[in-house]
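**Q** Have a look at this one before I ask anything.
The values are calculated or read from the model by the stated rules, or taken from the named source; none is laboratory data. None of the values given here were measured: they were computed from a predicted structure. Neighbour counts are summed over all protein chains in view; Cβ atoms, including those assigned to glycine, are modelled from backbone coordinates with ideal geometry. For accessibility, only protein heavy atoms count, side chains too; no ligands or nucleic acids. Shrake-Rupley method; radii C 1.70, N 1.55, O 1.52, S 1.80 Å.
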Amino acid sequence: MTNTEQKMPASLQEIVDEFQAVEDRQRLELLLEFANELPDVPEQYQDRLGEMEQVEECQTPLFLTVEYDDASRTAQLVLAAPAEAPTTRGFASIVHQGLNGLTYEEILAVPDDLADRLGLARTITPLRLRGIRAMLARIKRNVRDHLQQTTPH
Amino acid sequence: MADKDFSQYANPDALVSTDWVAEHKDDDNVVLLESNEDVLLYETGHIPGAQKIDWHTDLNDPVTRDFINEEQFAAFASAKGITPETTVVFYGDKSNWWAAYALWVFTLFGHKDLRLVDGGRQKWVDEGRELTTEVPSPTPTDYPVPAKREDDAWRAFREDVLEHLGKGPLVDVRSPAEYSGEVTSAPGFEDKEGALRGGHIPTAASVPWAKAANEDGTFKSREELEKIYKEEAGVGEADEVIAYCRIGERSSHTWFVLKHLLGYDKVRNYDGSWTEWGNAVRLPIVTGTEKGEVPAK
C-alpha cells in the first residue's frame, strides 16, 4: 500500500496548526492538555489493559485496539497508556482526536511524518518522537490487516 | 517494613530515603531535581519544591554529541539555585534511570554532595505522599565555573574501551536480547537500538540494569549486589570497570551501583554506548550469549 497518496485529514491538520501556532514551551503544555483529554478505555477493554505492561524494556506501554464498521468503512480507535507516561498519552490523544471515526482510506493516507509536523523535535527530542511514529504505524498496520482479512478472495 | 540501613553500602551518603526527602526537602542547603524519561511527567505532579531537569535539553550540547561545558554547567546550576555546597538530590521515573544519569553528569563537573532517592519517583507516589504542580522559582546563585569537566575520571570513550578490552571487566547493562543481538522489535516498530548491528562489545558481561533494583525500584542489599556483580558478572576486585548500554542512561544506574554502593575505585560510563559501538567502522562485536574473546590486533 505504499502507493497510497499521503493526505492530511482536516481534523488532524487542525491539531498540527494548533501546535505550529505556539512557541516550544507552550507546545509541551499543549501536549499535556492533550494527554489529559485522552478518553478512558471503554469497560469491555478494561480487563485487557494488562497487555499494556507486557512490553520490552525501553518501549512505552501502549494499549491499542481498533473497532471496524465495514458498512461505513470507518474505524474507532481505542488507545490507552499509563498515567506515568503522559507524553505517550499526549500522542495517543492527538492520534485519537485526529483520526477517530475516519475512513480506512483516510487513516492509511495520513502522512508518516506527522511527528515532525507537530514541531516537537526540539523539546521532546527525536528519540521520544519515535513513539508517535510507531503508534501511527501500528494503527495503519492494523487497518491494513483488517482490509486484507475482509477483502473477498 | 523496617527502614533500610544505608550504612551497608560503600558510600552511605549517596542514597536518601523518601522519609529523608519529606523531612529535608525544604532545607536551605538542599535542592531537589526530578529527572524523567517522560518529558511531561514532572508537569503532571512532582515532590513539592522539586525542580525539573531534562537530561537531553539541559545536559547535552545542542550541536556536538557531548555534554554541556563548564560554563554551561555553572549557568545551569546557578539558575537552579545550587551552590558548590548544596546537597543535590535526584529522583525520577523508571527506577531512577534518568536521575542516575543526571547525577553522573553532575559528577563530571566535580559537584561534591550528590544523592539519589532510593526507589525514585514511584516509591514516593506509591507511599501516597504529596505531589504538586507548582513550579518553584529559586533565587539564582553564582556557581563558579568548574576548572575542568572530569571526563578522564568518569567517562570512557571508544578508544578507552578498546584499550580496556582484556584488561578489565566490561558490563553491558542492556536487556538480554539487546546483548545477544537478536532482532527484538515487533513488526512496525522502528529498530529501537538505532544501530546497524546487534550484539555486544567483546568480553562484556551481561547484567541488565534492573538486576540491581527491587520490585519497588529501591536498590538491592549490598550482599545481593556483590553476588550479582562481583561473582556472577565476574567483576571481582577489579581496579577499573566500564559500563555501557544504548546511550549511557541505564549504565549510569549501574555506574552508581558500582561506584557508590559497591565502592569500586575507578568506574567509567561509556556514554557513546551501543549507538556508537554498534555503528562504528572497524570496531569488533560479538553476537549470542557468550562474552566472546579479545580480538587479535
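**Q** Enumerate the whole-percent occupancy of each 5 Å bin, from 0 to the last occupied one, for all C-alpha pair distances of the range B:180-293.
**A** Result returned by the calculation: 2, 11, 20, 23, 19, 14, 8, 2, 1.
**Q** Please go through the residue pairs B:LYS52/B:LYS94; B:LYS220/B:LYS259; B:LYS4/B:LYS94 and name each one whose alpha carbons sit more than 18 Å apart in this structure.
**A** Table pairs above 18 Å Cα-Cα are B:LYS4/B:LYS94.
**Q** Taking the radius of gyration and the Kirkwood hydrodynamic radius from Cα positions alone, what is the Rg/Rh ratio for chain B, to two decimal places?
**A** 0.96
**Q** Report in % the part of the accessible area of the protein assembly as shown that belongs to carbon and sulfur, leaving out ligands and nucleic acids; probe 1.4 Å.
**A** Ligands and nucleic acids excluded, carbon and sulfur give 48 percent.
**Q** With heavy atoms of protein chains only and a 1.4 Å probe, what residues of the range B:38-53 have at least 50 Å² less accessible area in the full set of chains than alone?
**A** B:ASP38, B:VAL39, B:LEU40
**Q** Compute and list, largest first, the equivalent-ellipsoid semi-axes of the range B:55-178 from the alpha carbon gyration tensor, each √(5λ) rounded to a whole angstrom.
**A** Values: eigenvalues 151, 102, 32 Å².
For the range B:55-178, the ellipsoid semi-axes come out as 27, 23, 13 Å.
**Q** Something else about it: Let's see if you can work this out: charge +1 on each Lys and Arg Cβ, -1 on each Asp and Glu Cβ, no other charges. What is the dipole magnitude of the protein assembly as shown about its Cα centre, in debye to the nearest 20?
**A** 1220 debye
**Q** At 222 nm, what helix-only mean residue ellipticity would chain B give, in deg cm²/dmol to the nearest 500, using -39500 (n - 2.57) for each DSSP H run of four or more? Let's see the in-between values first.
**A** Working: 12 runs with 78 residues, N = 297.
For chain B, the value works out to -6500 deg cm²/dmol.
**Q** At a 1.4 Å probe radius, which order do A:MET135, A:MET8 fall into by accessible area, largest first? Each step should come with its number before you reach the end.
**A** Numbers: A:MET135 5, A:MET8 30 Å².
So the residues, ranked largest to smallest area, are A:MET8, A:MET135.
**Q** Hey, another quick one. Quick one: what are the phi-derived ³J(HN,Hα) couplings along the range B:258-270, Karplus 6.51/-1.76/1.60 with θ = phi - 60°, whole Hz, x for glycine and proline?
**A** After applying 6.51 cos²θ - 1.76 cosθ + 1.60, I find 5, 7, 8, 8, 9, x, 5, 6, 10, 10, 10, 9, 8 Hz.
**Q** Let me ask something else. Just to be sure I understand the interface: list residues from the range B:230-268 that lose 40 Å² or more of accessible area between the chain on its own and the complete protein assembly, 1.4 Å probe.
**A** SASA drop of 40 Å² or more in the range B:230-268: B:ARG246.
**Q** Which three extents, in whole angstrom, do the alpha-carbon atoms of the range A:14-153 cover along their principal axes, largest first?
**A** Result, largest extent first: 50, 31, 24 Å.
**Q** May I pose another question? Compare the Cα positions of B:SER78, B:ALA177, B:LEU225 along the charge dipole of chain B (+1 at Cβ of Lys, Arg; -1 at Cβ of Asp, Glu; about the Cα centre) and return the one farthest towards the positive end.
**A** After comparing all options, I get B:ALA177.
**Q** Specify the residue with the greatest mean-square fluctuation among A:GLY119, A:GLY50, A:GLY131, computed from a Gaussian network of chain A linking alpha-carbon atoms under 10 Å apart.
**A** A:GLY50
**Q** Tell me the angle of helix B:97-108 to the major Cα principal axis of chain B, expressed in degrees between 0 and 90 and rounded to the nearest ten.
**A** The two axes meet at around 90 degrees.
**Q** Moving on to the next point. Among A:TYR68, A:TYR104, A:TYR45, which one shows the biggest mean-square fluctuation in a GNM of chain A, springs joining Cα atoms closer than 10 Å?
**A** Maximum among the listed residues: A:TYR45.
**Q** Turning to a different aspect of this structure: Going highest first, how would you order B:97-106, B:49-58 by mean Cβ packing within 10 Å?
**A** Most protected by this proxy first, the peptides run B:97-106, B:49-58.
**Q** Okay, moving on. Residues with amide H under 5 Å of B:PHE67's amide H, sequence separation 5 or more or different chain, H placed in the peptide plane at 1.01 Å from N; which?
**A** Answer set, sorted by chain and number: B:ASP61.
**Q** What's the total accessible area buried between chains A and B, using a 1.4 Å probe, rounded to the nearest 100 Å²?
**A** Chains A and B together bury approximately 2300 Å².
**Q** Alpha carbon centre of the range B:238-297 versus the range A:125-144: separation in Å?
**A** About 30 Å separates the Cα centre of the range B:238-297 from the one of the range A:125-144.
**Q** Looking at the range B:145-297, send over the antiparallel percent of its DSSP beta bridges, to the nearest 5. Before the final figure, lay out each step's value.
**A** Values: 2 of 13 bridges.
Here the antiparallel bridges make up roughly 15 percent for the range B:145-297.
**Q** OK, next. Under a point spin-label approximation (7 Å from Cα along Cα-to-Cβ), what is the B:ASP66-B:VAL281 distance to one decimal in nm?
**A** Here the modelled spin labels are 2.1 nm apart.
**Q** Further, regarding this structure: With each label point set 7 Å from Cα along the Cα-Cβ vector, what nm distance links B:ALA75 and B:ALA10?
**A** Simple spin-label model gives 3.6 nm for this pair.
**Q** Here's a follow-up. Using θ = phi - 60° and the Karplus relation 6.51 cos²θ - 1.76 cosθ + 1.60, list the HN-Hα couplings for the range A:93-105 in order, rounded to whole Hz, with x at every Gly or Pro.
**A** Computed from phi, the couplings for the range A:93-105 are 5, 4, 4, 5, 5, x, 10, 4, x, 6, 6, 3, 5 Hz.
**Q** By accessible area of protein heavy atoms, probe 1.4 Å, what ranking do A:LYS140, B:LYS266 get, highest first?
**A** Of A:LYS140, B:LYS266, the descending order of accessible area is B:LYS266, A:LYS140.
**Q** How far is helix B:70-79 tilted off the main Cα axis of chain B, in degrees rounded to 10, range 0 to 90?
**A** Here the helix axis deviates by roughly 30 degrees.
**Q** Using only atoms on other chains, find how many Cβ atoms lie within 10 Å of each Cβ of peptide B:28-37 and report the average.
**A** Values: counts 0, 0, 0, 0, 0, 0, 0, 0, 4, 7.
That average works out to 1.
**Q** Listed here are the pairs B:LYS230/B:LYS266; B:LYS25/B:LYS112; B:LYS25/B:LYS266; which of them are more than 21 Å apart at the Cα?
**A** From the list (B:LYS230/B:LYS266; B:LYS25/B:LYS112; B:LYS25/B:LYS266), the Cα-Cα distance tops 21 Å for B:LYS25/B:LYS266.
**Q** Note down the accessible area of A:ASP112, probe 1.4 Å, to the nearest 10 Å².
**A** About 90 Å², rounded to the nearest 10.
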